[in-house]
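One structure is given here, and the rest of the page talks about it.
The values are calculated or read from the model by the stated rules, or taken from the named source; none is laboratory data. Here the structure is a predicted model, which is why all the values come from computation and not from measurement. Because the Cβ atoms are built from the backbone with ideal geometry, glycine has one as well, and the counts that use them run over all protein chains shown. The accessibility values were calculated without ligands, DNA or RNA, using every heavy atom of the protein model including side chains. Shrake-Rupley method; radii C 1.70, N 1.55, O 1.52, S 1.80 Å.
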Amino acid sequence: MFRKEATCSQTNSSSFIPKNTNVRISLPAVCFVWQLAMIILFGFFIRYNAESDVHWKQENKNISRSDIENDFYFRYPSFQDVHVMIFVGFGFLMTFLKRYSFGAVGFNLLIAAFGLQWALLMQGWFHSLDPMDGKIKIGVESMINADFCVASCLIAYGAVLGKVSPVQLMVMTLFGVTLYAVEEYIILNLIHARDAGGSMVIHTFGAYYGLSISWMLYRPNLDKRLNGSVYHSDVFAMIGTLFLWMFWPSFNSAISYHGDGQHRAAINTYLSLAATVLTTVAISSLSQKAGKLDMVHIQNSTLAGGVAVGTAAEFMLMPYGSLIVGFCCGIISTLGYIYLTPFMEKYLKIQDTCGIHNLHAMPGVIGGIVGAITAAAASEGVYGKEGLKTVFDFTGKWENMLPTQQGGHQAAGLCVALCFGIGGGILVGCVLRLPIWGDAPDDHCFDDELYWEHSSYSGVRQSHPEPSWVISRYIQYIPTTIAY
Amino acid sequence: MFRKEATCSQTNSSSFIPKNTNVRISLPAVCFVWQLAMIILFGFFIRYNAESDVHWKQENKNISRSDIENDFYFRYPSFQDVHVMIFVGFGFLMTFLKRYSFGAVGFNLLIAAFGLQWALLMQGWFHSLDPMDGKIKIGVESMINADFCVASCLIAYGAVLGKVSPVQLMVMTLFGVTLYAVEEYIILNLIHARDAGGSMVIHTFGAYYGLSISWMLYRPNLDKRLNGSVYHSDVFAMIGTLFLWMFWPSFNSAISYHGDGQHRAAINTYLSLAATVLTTVAISSLSQKAGKLDMVHIQNSTLAGGVAVGTAAEFMLMPYGSLIVGFCCGIISTLGYIYLTPFMEKYLKIQDTCGIHNLHAMPGVIGGIVGAITAAAASEGVYGKEGLKTVFDFTGKWENMLPTQQGGHQAAGLCVALCFGIGGGILVGCVLRLPIWGDAPDDHCFDDELYWEHSSYSGVRQSHPEPSWVISRYIQYIPTTIAY
Amino acid sequence: MFRKEATCSQTNSSSFIPKNTNVRISLPAVCFVWQLAMIILFGFFIRYNAESDVHWKQENKNISRSDIENDFYFRYPSFQDVHVMIFVGFGFLMTFLKRYSFGAVGFNLLIAAFGLQWALLMQGWFHSLDPMDGKIKIGVESMINADFCVASCLIAYGAVLGKVSPVQLMVMTLFGVTLYAVEEYIILNLIHARDAGGSMVIHTFGAYYGLSISWMLYRPNLDKRLNGSVYHSDVFAMIGTLFLWMFWPSFNSAISYHGDGQHRAAINTYLSLAATVLTTVAISSLSQKAGKLDMVHIQNSTLAGGVAVGTAAEFMLMPYGSLIVGFCCGIISTLGYIYLTPFMEKYLKIQDTCGIHNLHAMPGVIGGIVGAITAAAASEGVYGKEGLKTVFDFTGKWENMLPTQQGGHQAAGLCVALCFGIGGGILVGCVLRLPIWGDAPDDHCFDDELYWEHSSYSGVRQSHPEPSWVISRYIQYIPTTIAY
């Protein structure tokens, strides 16, 4: 039934070959083959690390260390918060479209589940390969880092939401995770920049990766009738917003160093996010004739402060510093939604469904800059000699580094993230333009019908028509319930 | 468009000056100015405490203390649970109105984000001012306390939900936080009452503060057509209910003393809440002709046990004691919804949208009384000499205090909370009656249209009318989907 | 009003005595009496354990142990995650029915709140009775175990969702918890099988208990018009799915032994669940003509990996082992939804509303088998001598047990779980067939109207008809909003 519609509607659109959105071969094939590959690679490469291996407890007794000093107890609560952000936060934030909630939350789950496995391998090869036996040793910190890596791909998903097929998303994730691991290795290990909350590594990279792909996949005849929300879908999106907002302190502190590092990162993020809310509301209200608020701003711009404080979260940013960062980001992000998104679509040919440029790209860059400045301004007076060593990891071959140098390295890291995002996005965008991925025609974007069977209600209903007493009950309710 | 309607509709209402709900100047002004003030005050006053400062790790090495003994690891998981209660719990609990979900969850976020900053300052001046340098030192416990303080203002919001403008809410929060900090200082420090879960300090104060304001803002011609729920809005509200219900053990144990204190507070709250559910269901079912349950009771009264066990949660209340408290509160709270709310509206001129009198005021007072009795009945036989000292903090100038005296002090604390709530509410209510705040006319209450732009769907739809195949698909679904 | 309808509709159904769904006497009676019984039994039997008792801190000083070594800090974050799974996870997973969301989330809360109290008693008598004073000592681990016990009853609820009255659910829970406690004691203590995540004890038992009850309560004329979802109810169900999915690592690690035990259990579950998602998507897409996905599979089968890895989660299953388990379970569970559920209904007379056979029964049995094999294959080479002792608890009278023997014991445990589930379900099913419980007639199943008062909107609306401007606003929205 849908096929006929699709074909018809193509006649008045620009592309003359009707698009085939059937993914019955490609989607199962990709899922099966890649999952089998994961099993084989995990078999060859991945093992438990010392703290999750069965020998840990014995060692523990030998050195009379308490069980509570297992890294699990330092990081697992933060891991679970990050996990909620990835699956409920990102997933539900994207349910705002009136008919793409299944795709938002369902494909989010699919690509995150694949991405985290691939991330464990890619990040493992770069960061935690044991030279003794050539195996990657994983623990709770690896799981957090895998979730972080996946976050960058989910950010990218936000730019192309509703316009790509699940197979394209899988391809995007495969390349995205790969690029992320390389970029992360260069920024954190080679350049020795610090980025606890991933303003550069996660947000800047992920956002420009997604925007470049969206640019490559530009649809001049995109039908926007379904590119909007209804009342309840906006409330669903607020679930995503709030879980991101609340757990962002855990995100930025999850892989900070034990003790005051995690503590301070959580405080800074908590404050920055609070300030963002007020300036977002202010600008949103100012931008409308009657001072009304726009739900799009509340759903998205209120989060910008968490992004922008990511890099500097574990530094001595000071509570007022965090507030200032949040203050600025709320303004910039909301203005971005009002002026920049329409501009980018019209003149730059970048269609950004969720406005990730305003929520992740700009705040990510700001975060990188704030990080560079804060690092360059770090002094022994504030940090103490030992503090500088701990916070900026001035050990090993970086022992004699100065804070001002570190500031330069931070800035270099930001550039690498930008290059990888834009360059990688363009390359992957080329791949995704191949006509084999089953993406939607221009006039059927933002529609769950393409990839989701609605059997559970339409099928059942057709075979069992509603009895008359049910219909009469419906009619009784019409006036109250139609609108929302 | 709305203006005209508003003006028309005023003609048949009691007030003859049409109300101006435009907040385009006032709302951005309040947000900007107050946020700037926060930044300046934070710059002057707020610093990291010892456990979140960069010098902590160094000190740690000196005294060979493990990183895990940072207060962060004792309290951060509880903090995150409390944070979820504040933003998702309170926010979604109030989405039950059919057309005020944006206002519920959006304004909740706004005032909580402002309130927690102001609370850090106010509570800091009273509780954690460092005499050495005149700075307030914040850490994870300060963040929990700030969230607690905000909770009292969100409770008050429940009474006036749908009837006030966001600017009024900001004013209410500014004064509410200020009063809270003073009241808390008097109760906890001067009177030396104990109140781990805030039955008195948070719930009693917050509820009477809100009820008094609602009394001052009484609307004799309130139009109640929109003061009700639809099917899905009730399900959204259950998200709020459940997150409050589940995380209440963390709320009551978040600032208890380390070790058995937190452990016991969590157990007591867990049990009390379980008992409340059963008696709420019983009374709700009894109150209807066919034994059907009322969603309003399930959403609200099931939480009363958590409120009432707040003060005594860290005492040796005993598991059966917690069950008894929950048992009674489920009954009282549900009966309150059935009999007291209509009575208060009709005879006392108090319009209580969410029924906070039943969920917070009465259980809060019960909690205060239970706390007083439990404290007065504390004996060395049960607590041990050291236990009494730890639980009731009989140190310093309170060293020679007896449990019976402590009971008296607890009762005095309850009175202070009541006085501050009622007195403060009346004063703030006077301020909020000024005709400058942009509140809704009587016949447009409980309606998101006043303060929220529905551009995302109405705007888009108008410029892109639905294509015919979309409409035909809709019509096919009408019978199934209209009702819910 | 409803009564008349119910009576009418019975004329064309098979049973000739109109069913009375009035629970106004039975439901309050059950709730009150059982809650009173709980209070009395708690008074006699339940006390705080050493770690939640006020004397703990004093002891602590004596042996110079840190406060952080209280079991609370090892397990409370996991407890809260499990708590969310029980109330939000199971509750919202069942909201997928278009008109049974209140019943799903409301009755889930009711029976869980009752069940956990009864579980504390039943499990306490078997596991933590203090021989010194005959009291049950509870702490955070007891709360987790009580939640686990309740989970088995909520699984059983999934099979009969929409077809039973709340009174029947309470009876089902009373017997379910009792059977669970006995079964758990036999499996864990007498047979000495290990089952950290409860594949056998919780999932296999719970699922077969529910399926047997559903078989006993078979309704040949069940009206399935309401046994389906609408768009938004499917999105609500995804909230349940995701919170279960995300927190399953906490579920499987919550009661593992401290340190590497909890750490490893979390990693294994995390990986298994990720693999399940991919194979679920693959099979779901393969099963439809156009490769579309079915929301039912995504909501349920993606969780099968967490069930199946339960028993072996704390063993040295290896990361690739977890992936293999997840890989297989995604396939089996999805195929179950496609082929087995219709088959079971048609030929075995088992009506399984939520498909718990595919989500809990089959994966539970697989989990038991995986556990048996992994235990039998355990070697000193992998675990070390001490490791075997710790993981399999080869202490006391089990000191000389061999891993191969342990494998046999695991298999025996699985059989016990199956027997208790099926046998117990048949017995309880007989009890539930008595015509005194107020269950729904065949043509009013899956309908909230039977047990929930919709006063909040229908009542209010009737007395306050919508004003004309409101209706005109509705009509404007019809095309956009009807469908979803």
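Please determine whether any residue of the stretch B:194-203 is of a type in the set (A, V, I, L, M), over 30 Å from C:THR95 (Cα atoms) and surrounded by fewer than 24 Cβ atoms within 10 Å (Cβ to Cβ). Walk me through how you get there before you give the answer.
Of all residues in the stretch B:194-203, those of a type in the set (A, V, I, L, M) come to B:196, B:200-202.
If we keep only those that are over 30 Å from C:THR95 (Cα atoms) too, we end up with B:196, B:200-202.
Subset that is surrounded by fewer than 24 Cβ atoms within 10 Å (Cβ to Cβ): none.
The answer is no, given that none of the residues of the stretch B:194-203 is of a type in the set (A, V, I, L, M), over 30 Å from C:THR95 (Cα atoms) and surrounded by fewer than 24 Cβ atoms within 10 Å (Cβ to Cβ).
Out of (1) assigned to a loop (DSSP other than H, G, I, E, B); (2) at the interface with another protein chain (Cβ under 7 Å from one of its Cβ atoms), the odd one out for C:LYS289 is which?
The one condition C:LYS289 does not meet is (2).
Within the group A:ILE436, A:ILE482, which residue is β-branched (Val, Ile, Thr) and modelled with pLDDT under 85? First the steps, then the outcome.
Numbers: A:ILE436 fails: modelled with pLDDT under 85.
The conditions single out A:ILE482.
Inside the stretch A:6-26, can you point out the residues that are over 15 Å from A:PRO435 (Cα atoms) and either within 25 Å of the chain's Cα centre (by Cα) or at pLDDT 80 or above (or both)?
Once the filter is applied, which keeps residues that are over 15 Å from A:PRO435 (Cα atoms) and either within 25 Å of the chain's Cα centre (by Cα) or at pLDDT 80 or above (or both), the stretch A:6-26 yields only A:ARG24.
Taking into account only those residues within the stretch C:250-279 that are in contact with an Asp or Glu (Cβ under 7 Å, 6 or more places away or on another chain) and at the interface with chain A (Cβ under 7 Å from one of its Cβ atoms), which is surrounded by the most Cβ atoms within 10 Å (Cβ to Cβ)?
Step by step, filter the stretch C:250-279, then rank; the result is C:ARG264.
Kindly establish whether C:MET238 is open to solvent by less than 10 Å² (accessible area, probe 1.4 Å), facing chain A (nearest Cβ under 7 Å), in contact with a helix residue (DSSP H, G or I) (Cβ under 6 Å, 6 or more places away or on another chain) and within 29 Å of A:TYR48 (Cα to Cα). Please lay out each step first, then the result.
Numbers: open to solvent by less than 10 Å² (accessible area, probe 1.4 Å): yes; facing chain A (nearest Cβ under 7 Å): yes; in contact with a helix residue (DSSP H, G or I) (Cβ under 6 Å, 6 or more places away or on another chain): yes; within 29 Å of A:TYR48 (Cα to Cα): no.
No, not satisfied.
In the stretch A:320-345, what count of residues is obtained for those that are surrounded by fewer than 24 Cβ atoms within 10 Å (Cβ to Cβ) and either over 23 Å from A:LEU286 (Cβ atoms) or in contact with a Phe, Trp or Tyr (Cβ under 7 Å, 6 or more places away or on another chain) (or both)?
2
Please determine, by comparing only the residues of the stretch A:130-175 that are under 30 Å from A:LEU226 (Cα atoms) and hydroxyl-bearing (Ser, Thr, Tyr), which one is farthest from the other protein chains (Cβ to nearest Cβ). Walk me through it before giving the result.
Filtering the stretch A:130-175 for residues under 30 Å from A:LEU226 (Cα atoms) gives A:150-175.
Still in the running and hydroxyl-bearing (Ser, Thr, Tyr): A:152, A:157, A:165, A:173.
Details: A:SER152: 17, A:TYR157: 15, A:SER165: 10, A:THR173: 11 Å.
Per the criteria, the residue is A:SER152.
Looking at the stretch B:359-373, can you tell me whether even one residue there is open to solvent by 10 Å² or more (accessible area, probe 1.4 Å), within 12 Å of another protein chain (Cβ to nearest Cβ), touching a Leu at 6+ places or on another chain (Cβ under 8 Å) and at pLDDT 95 or above?
Within the stretch B:359-373 (the criterion being open to solvent by 10 Å² or more (accessible area, probe 1.4 Å), within 12 Å of another protein chain (Cβ to nearest Cβ), touching a Leu at 6+ places or on another chain (Cβ under 8 Å) and at pLDDT 95 or above), the answer is no, since none of the residues qualifies.
Yes or no: the stretch C:336-359 includes at least one residue that is touching a residue at least 12 places away in the same chain (Cβ under 8 Å) and in contact with a strand residue (DSSP E or B) (Cβ under 9 Å, 6 or more places away or on another chain). Break it down into steps so the answer makes sense when it comes.
From the stretch C:336-359, those touching a residue at least 12 places away in the same chain (Cβ under 8 Å) are C:336-338, C:340-341, C:344, C:348-359; that's our starting set.
Next, from what is left, pick out any that are in contact with a strand residue (DSSP E or B) (Cβ under 9 Å, 6 or more places away or on another chain): C:337-338.
Checked against the condition, which is being touching a residue at least 12 places away in the same chain (Cβ under 8 Å) and in contact with a strand residue (DSSP E or B) (Cβ under 9 Å, 6 or more places away or on another chain), the stretch C:336-359 yields at least one hit.
Show me the helices (runs of 4 or more DSSP H) entirely contained within the stretch A:30-144 in which 1 or more residues are in contact with an Asp or Glu (Cβ under 9 Å, 6 or more places away or on another chain) and surrounded by fewer than 24 Cβ atoms within 10 Å (Cβ to Cβ).
The qualifying helices (runs of 4 or more DSSP H) are A:56-62, A:71-84, A:101-127.
So, in the stretch B:280-313, exactly how many residues are in contact (Cβ under 8 Å) with a residue 12 or more places away in the chain and either in contact with a Phe, Trp or Tyr (Cβ under 7 Å, 6 or more places away or on another chain) or open to solvent by 10 Å² or more (accessible area, probe 1.4 Å) (or both)?
Our first condition is that a residue be in contact (Cβ under 8 Å) with a residue 12 or more places away in the chain; within the stretch B:280-313, this holds for B:280-284, B:287, B:293-313.
Within this subset, residues satisfying the condition of being either in contact with a Phe, Trp or Tyr (Cβ under 7 Å, 6 or more places away or on another chain) or open to solvent by 10 Å² or more (accessible area, probe 1.4 Å) (or both) are B:282-283, B:287, B:293-297, B:299-303, B:306.
Qualifying residue count for the region: 14.
If I ask for residues that are surrounded by 24 or more Cβ atoms within 10 Å (Cβ to Cβ) and over 16 Å from the mean Cα position of the chain (by Cα), which ones from the stretch A:409-419 would you list? Walk me through how you get there before you give the answer.
Within the stretch A:409-419, the subset surrounded by 24 or more Cβ atoms within 10 Å (Cβ to Cβ) is A:410, A:413-414, A:417.
Passing the criteria: A:GLN410, A:GLY413, A:LEU414.
Out of (1) without any contact (Cβ under 8 Å) to a residue 40 or more places away in the chain; (2) more than 7 Å from every other protein chain (Cβ to nearest Cβ), what's the single condition that is false for A:LEU222?
(1)
Could you tell me how many of the residues in the stretch C:17-29 are part of a helix (DSSP H, G or I), more than 7 Å from chain B (Cβ to nearest Cβ) and in contact (Cβ under 8 Å) with a residue 24 or more places away in the chain? Working first, answer last.
Of the residues in the stretch C:17-29, the ones part of a helix (DSSP H, G or I) are C:26-29.
Checking the rest, the ones that are also more than 7 Å from chain B (Cβ to nearest Cβ) come to C:26, C:29.
Now restrict to residues that are in contact (Cβ under 8 Å) with a residue 24 or more places away in the chain: C:26.
Residues flagged as part of a helix (DSSP H, G or I), more than 7 Å from chain B (Cβ to nearest Cβ) and in contact (Cβ under 8 Å) with a residue 24 or more places away in the chain within the stretch C:17-29 amount to 1.
Scan the stretch B:126-142 and report the pairs whose first residue is in contact (Cβ under 8 Å) with a residue 12 or more places away in the chain and whose second residue is in a loop (DSSP other than H, G, I, E, B) and open to solvent by less than 30 Å² (accessible area, probe 1.4 Å), with Cβ atoms within less than 7 Å and a gap of 6+ or a chain change.
Partner pairs satisfying both residue conditions: B:GLY139/B:SER52.
Conditions first: (1) over 25 Å from the mean Cα position of the chain (by Cα); (2) open to solvent by 50 Å² or more (accessible area, probe 1.4 Å). B:MET401 passes all but one, so which condition is the exception?
It is condition (2) that B:MET401 fails.
With respect to C:VAL307, is the statement that it is more than 9 Å from chain A (Cβ to nearest Cβ), in a helix (DSSP H, G or I) and over 13 Å from C:LEU359 (Cα atoms) true? So that I can check it myself, show each step before the final result.
Working: more than 9 Å from chain A (Cβ to nearest Cβ): yes; in a helix (DSSP H, G or I): yes; over 13 Å from C:LEU359 (Cα atoms): no.
When the stated conditions are applied, C:VAL307 does not pass them.
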